[in-house]
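**Student:** Just dropping this structure here.
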Amino acid sequence: MKNVIVLFLIVTLNAVEAYSQNSQDEDSVSFHKKRWALQFQVGRDFTLNSFQGSIISLKKTLSEKSALRIGVSFGTGINNDNSKFSHFPPDTAHSERNSDNSGFDLNVSSQYIHYLPIEDHIAGYYGIGPTFGYSFNKNKYKDSNTNGSSTSSSSVSTTTNTWNIGANAVFGVEWFVRNNISLSGEYGVSLSYSNNKQDYKGESSYSSNPSIDFKEQRNWDRFSLGANIVKFGLSVYFE
């Protein structure tokens, strides 16, 4: 909390000083002229996080009254594991498991922003735009067990595809502490529809018995409507 208060005071004093020293020049500055901005979310202890995209969160001002924002997130991962377990006394029983997990996800969101007139370097705004996401996950594992003369094995593979589409609306205020730096506070609400498809198949066998194959497919849909967390943002403008 002390860090929050100290940083707030520093930013406020800096902004007041800049305003008093450059008031005549800044009166003629167009804060929303056509230029780009990188956006960051200010988190706890004033750490910088992604605003609306882990890869990039970008804003393009189109005119004095409008801007376009876009955020892109992407993640991927692969995990392989092999484990063995033996019982005592030796050579009586043992088991082994091999597993492979992989997947990726992609999310894109954007908004068309409309600005209200600027007063004392502060502008209100609101906007709306589409969202899209897709994820793929594949999990495989194989077990083998030996206990004396008995053996058993099983293998399972699960593949999950998920995609979602929706829209989000935002409204907030932006304060230009400098011509090229602004702070913002923003509320939002999101509506989304998602479809999930999961394929599950496997095989199991026990000693000399015939192997058994099994598979299953699941589909489910989901609608969601909810408020977004309040965001405290930092924008850095450049041309």
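The values are calculated or read from the model by the stated rules, or taken from the named source; none is laboratory data. Just so it is clear, the structure is predicted and the values come from calculations on it, not from any experiment. Note that each Cβ is placed from the backbone with ideal geometry, even for glycine, and that neighbours are counted across all protein chains shown.
**Student:** Report, by residue number, each residue of the range 27-60 that is outside any loop (DSSP other than H, G, I, E, B), out of contact with any helix residue (DSSP H, G or I) (no Cβ under 7 Å at 6 or more places or on another chain) and at pLDDT below 85.
**Tutor:** Within the range 27-60, just Arg44 meets the criteria.
**Student:** Further, regarding this structure: Checking Glu203 against (1) over 25 Å from Asn80 (Cα atoms); (2) among the charged types (D, E, K, R); (3) in contact with a strand residue (DSSP E or B) (Cβ under 6 Å, 6 or more places away or on another chain); (4) touching a residue at least 24 places away in the same chain (Cβ under 8 Å): exactly one of these is not met. Which one?
**Tutor:** Failing condition for Glu203: (1).
This table checks each residue for (1) over 17 Å from the mean Cα position of the chain (by Cα); (2) farther than 30 Å from Phe51 by Cα.
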residue: Asp120; (1), (2): yes, no
residue: Lys138; (1), (2): yes, no
residue: Asp143; (1), (2): yes, yes
residue: Thr146; (1), (2): yes, yes
residue: Thr151; (1), (2): yes, yes
residue: Ile165; (1), (2): no, no
residue: Asn179; (1), (2): yes, no
residue: Ser190; (1), (2): no, no
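**Student:** Which of the residues belonging to the range 107-164 are charged (D, E, K, R) and under 30 Å from Arg178 (Cβ atoms)?
**Tutor:** Glu119, Asp120
**Student:** Can you go through Leu183, Leu225, Leu191 and tell me which one is over 30 Å from Ser152 (Cβ atoms), of a type in the set (A, V, I, L, M) and either surrounded by 15 or more Cβ atoms within 10 Å (Cβ to Cβ) or out of contact with any strand residue (DSSP E or B) (no Cβ under 9 Å at 6 or more places or on another chain) (or both)?
**Tutor:** Residue meeting the stated conditions: Leu183.
**Student:** Please verify whether Ala167 is under 30 Å from Thr61 (Cα atoms), modelled with pLDDT of 95 or more and either in contact with a Pro (Cβ under 8 Å, 6 or more places away or on another chain) or surrounded by 15 or more Cβ atoms within 10 Å (Cβ to Cβ) (or both), treating the condition exactly as stated.
**Tutor:** In short, yes.
**Student:** Out of the residues in the range 206-222 meeting the condition of being in contact (Cβ under 8 Å) with a residue 24 or more places away in the chain and not polar (S, T, N, Q), tell me which one is surrounded by the fewest Cβ atoms within 10 Å (Cβ to Cβ).
**Tutor:** Asp221
**Student:** Another one. Please work out which residue is nearest to Ile113 (Cα to Cα), limiting yourself to the range 189-223 and to residues that are among the small types (Gly, Ala, Ser) and modelled with pLDDT under 95.
**Tutor:** Here the residue is Gly202.
**Student:** I've got another one for you. Tell me which residues, restricted to the range 61-80, are polar (S, T, N, Q), exposed (fewer than 14 other Cβ atoms within 10 Å of the Cβ) and part of a strand (DSSP E or B).
**Tutor:** Selection gives Thr76, Asn79, Asn80.
**Student:** Also, I was wondering about something else. Between a first residue in the range 91-109 that is among the aromatic types (Phe, Trp, Tyr) and a second residue that is in a strand (DSSP E or B) and at pLDDT 80 or above, which pairs have beta carbons less than 9 Å apart while being 6 or more apart in sequence or on different chains?
**Tutor:** Partner pairs satisfying both residue conditions: Phe104/Phe74; Phe104/Gly75; Phe104/Thr76; Phe104/Gly77; Phe104/Tyr134; Phe104/Ser135; Phe104/Phe136; Phe104/Asn137.
**Student:** Oh, and also: Has the range 110-123 got any residue that is outside any strand (DSSP E or B), buried (at least 16 other Cβ atoms within 10 Å of the Cβ), touching a helix residue (DSSP H, G or I) at 6+ places or on another chain (Cβ under 9 Å) and not small (Gly, Ala, Ser)?
**Tutor:** Yes: the range 110-123 contains one or more residues that are outside any strand (DSSP E or B), buried (at least 16 other Cβ atoms within 10 Å of the Cβ), touching a helix residue (DSSP H, G or I) at 6+ places or on another chain (Cβ under 9 Å) and not small (Gly, Ala, Ser).
**Student:** Next up: Across the range 42-60, which residue is farthest from Tyr125 (Cα to Cα) among those that are crowded, with 18+ Cβ neighbours inside 10 Å and under 13 Å from the mean Cα position of the chain (by Cα)?
**Tutor:** Here the residue is Gly53.
**Student:** Considering every residue within the range 132-143, establish whether at least one is acidic (Asp, Glu), within 29 Å of Gly103 (Cβ to Cβ) and either surrounded by 11 or more Cβ atoms within 10 Å (Cβ to Cβ) or touching a helix residue (DSSP H, G or I) at 6+ places or on another chain (Cβ under 8 Å) (or both).
**Tutor:** Yes; the residues of the range 132-143 include at least one that is acidic (Asp, Glu), within 29 Å of Gly103 (Cβ to Cβ) and either surrounded by 11 or more Cβ atoms within 10 Å (Cβ to Cβ) or touching a helix residue (DSSP H, G or I) at 6+ places or on another chain (Cβ under 8 Å) (or both).
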